[in-house]
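The values are calculated or read from the model by the stated rules, or taken from the named source; none is laboratory data. The model shown is predicted, which means the values in this text are computed figures rather than measured ones. For neighbour counting, all protein chains shown are included, and Cβ atoms are generated from backbone atoms with ideal geometry for every residue, glycine included. Please note that ligands, DNA and RNA were not included when accessible areas were found on the heavy atoms of the full protein model with its side chains. Shrake-Rupley method; radii C 1.70, N 1.55, O 1.52, S 1.80 Å.
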Amino acid sequence: MPCGEDWLSHPLGIVQGFFAQNGVNPDWEKKVIEYFKEKLKENNAPKWVPSLNEVPLHYLKPNSFVKFRCMIQDMFDPEFYMGVYETVNRNTKARVLHFGKYRDVAECGPQQEVDLNSPRTTTLERQTFYCVPVPGESVWVKESFLNLLFNAYVNANQARVSPSTSYTPSRHKRSYEDDEDMDLQPNKQKDQHAGARQTGGVGGLQWCGEPKRLETEASTGQQLNSLNLSSPFDLNFPLPGEKGPACLVKVYEDWDCFKVNDVFELYGILSVDPVLSIVNNDERDASSLLDPMECTDTAEEQRVHSPPASLVPRIHVVLAQKLQHINPLLPACLNKEESKTCKFVSSFMSELSPVRAELLGFLTHALLGDSLAAEYLILHLISTVYTRRDVLPLGKFTVNLSGCPRNSTFTEHLYRIIQHLVPASFRLQMTIENMNHLKFIPHKDYTANRLVSGLLQLPSNTSLVIDETLLEQGQLDAPGVHNVTALSNLITWQKVDYDFSYHQMEFPCNINVLITSEGRSLLPADCQIHLQPQLIPPNMEEYMNSLLSAVLPSVLNKFRVYLTLLRFLDYSISDEITKAVEDDFVEMRKNDPQSITADDLHQLLIIARFLSLSAGQTTLSRERWLRAKQLESLRRTRLQQQKCVNGNEL
């Protein structure tokens, strides 16, 4: 990147240049977007843009060009703003035309005032979204993005280029043991983060010099001590213990493309003007600088919609990219055509077989030597809803891993293994207390005019692990029953019905659900596999720690790429194989009509699909079909054996 680029530090100056050249001609807005689009196409330019996910807010320059990786949690009402306005100098009476786009507050000099009655004033509309960091984002994802930032700064030092922020990161390495402590002891993690802030470190990075000011960010400093407590200012994160800033995002073009729960990489202009907090502090004297419409809101709505800018900064979006995934090890866009021409993707696909074999071995060890369960876990982790037929989601593959030892830390450590493999995940501890008291379903708060988040407000491709081994005898009250129903609907129909008091609104989703249980799960599942441990480690924590430590970081990254990439592969079944499958089905029904139903055939086809994709094959072969039948036969035989041993159904 050439030295002295003002587009990062002073983007409004760039916008002003286009506005001055074109005046009220609307072409200037398109030219601004094209300008920044071209800038981001330059070599490594996106890595240069400071990110709200990685850089502390107080180290970002106001009105600088930033990016934010986030999920849309709520959509507020549209707001009106002065697209073009005129100021008058009180002394000289000179008139100057200004643009209001990408601003929250009207720009007005000491001797100037806005002429609200000017015929040249134009009122335009923009849409505001409330965005939060991606719920359940894994530690390895955050650290990979931090390393990208670190490498960008190393290159900057080598090229003697000044970054657009005073923040100077340094690479931070920590052992697997540290990761495990963080995962298993969230309170310890909070204490360490709090300590890091006092000593000058954030999220594994160090900054140079004494911090001028530490913002009172609920997302970083106000961590929840339990699942049902809220911070003084509720940032409305769907999951407990989440960190990072929430943002009010102002969108000017194509806001119909922005949907609740979608994940975006946003590029825009950061606005943290202190005057934005005045309404929240009831200092009405300065309210004339803001949209007059805000003054008609209720006090609670003002508090929620106009939070302090130091806590909830504003981003005026210039460019936005909807993300198919958040895996930093892969290209952001994995469209069918682009993935075919991508050298990295084609190179990885050529060495898929050894990666699958290594992953199978790794998961076999994690599942205490059960290779059959490991096969099904791989299929589960690459499964995705690829289409919907009427209301039926095709491709979902919820697995119930039964036979998990009770009163053991096995399920906790298994979840930690999954955390190291997938980009986003959450473990729901299914206790009576949690089921009765946690908020699963988002609901509309009409007083504050916002959507209050729930645990099931998750982006696509999140891995949800439901730990049923913690369930004990007890009474589910009405909220508990509603929560169980919500989980069942999520699993069966891949949808969550948000509560709008007077009606329910259906939100489709694509969540991978893994249920760990001792016996058969109380929840529905597409497939039950009973765990048959080949070994019982005397110390489960030590065993899992050594398993993670034995895997090279490069191999772990291959596993992560493998599990993300295979979700986006095309798949088809030739006419020849379709005919062979139909004949096979008829033959099985002829031998024993009770042996296989239409639902069993559907599941066999789903297993064959993901079995083929797991080997990098985008069409079903006779070999893979026979292998799918073999796996299902082994699974069913195991369940029958367990049923005979226990005398009841598992």
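Data table
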{"read-out": "Surrounding net charge for residue 28, when Lys and Arg each add one and Asp and Glu each subtract one, Cβ distance under 14 Å", "value": "-1"}
{"read-out": "Of all accessible heavy-atom area on segment 569-649, the percent that carbon and sulfur account for (1.4 Å)", "value": "48"}
{"read-out": "FRET efficiency, 1/(1 + (r/R0)^6) with R0 30 Å, evaluated for residue 522 and residue 303 via beta carbons", "value": "0.15"}
{"read-out": "Fully extended contour minus Cα-Cα distance, from residue 20 to residue 254, at 0.36 nm per residue", "value": "81.8 nm"}
{"read-out": "Rounded Å value of the spacing that divides the Cα centres of segment 455-481 and segment 533-560", "value": "27"}
{"read-out": "Positive dipole terminus of segment 339-564, leading residue within 347, 457, 548 (C-beta point charges)", "value": "347"}
{"read-out": "Solvent-accessible area per residue, Å², over segment 339-564 with all protein chains present [probe radius 1.4 Å]", "value": "41"}
{"read-out": "Net +/- balance of residues flanking residue 471 in space, Cβ distance below 13 Å, scoring K and R +1, D and E -1", "value": "-3"}
{"read-out": "Portion, in percent, of the accessible area of segment 1-115 that falls on carbon or sulfur, probe 1.4 Å", "value": "51"}
{"read-out": "Distance between modelled label sites at residue 394 and residue 154, nm, 7 Å Cα→Cβ extension", "value": "4.7"}
{"read-out": "Heavy-atom accessible surface of segment 339-564: percent carbon and sulfur, 1.4 Å", "value": "53"}
{"read-out": "Efficiency of FRET from Cβ geometry, residue 535 and residue 443, R₀ 51 Å, rounded to 0.05", "value": "0.65"}
{"read-out": "Given 67/343; 579/629; 47/343; 259/444, the pairs whose alpha carbons are separated by over 22 Å", "value": "67/343"}
{"read-out": "Sites residue 353 and residue 590, calculated FRET efficiency, Cβ-Cβ separation with R0 30 Å, nearest 0.05", "value": "0.25"}
{"read-out": "Per residue solvent-accessible surface (Å²) - segment 569-649, probe of 1.4 Å", "value": "59"}
{"read-out": "Simple label model, 7 Å out from Cα along Cβ direction - residue 501 to residue 43, nm", "value": "5.8"}
{"read-out": "Cα point-scatterer Debye curve for segment 577-650, base-10 log of I(q)/I(0) at q = 0.14 Å⁻¹", "value": "-0.51"}
{"read-out": "Summed residue charge, Cβ within 9 Å of residue 442's Cβ, Lys/Arg positive, Asp/Glu negative", "value": "0"}
{"read-out": "Separation in nanometres of the label points that stand 7 Å from Cα toward Cβ, at residue 602 and residue 118", "value": "6.3"}
{"read-out": "Cβ crowding within 10 Å averaged over residues, with 464-472, 106-114 ranked highest first", "value": "464-472, 106-114"}
{"read-out": "Most to least packed among 636-644, 603-611 [average Cβ atoms within 10 Å]", "value": "603-611, 636-644"}
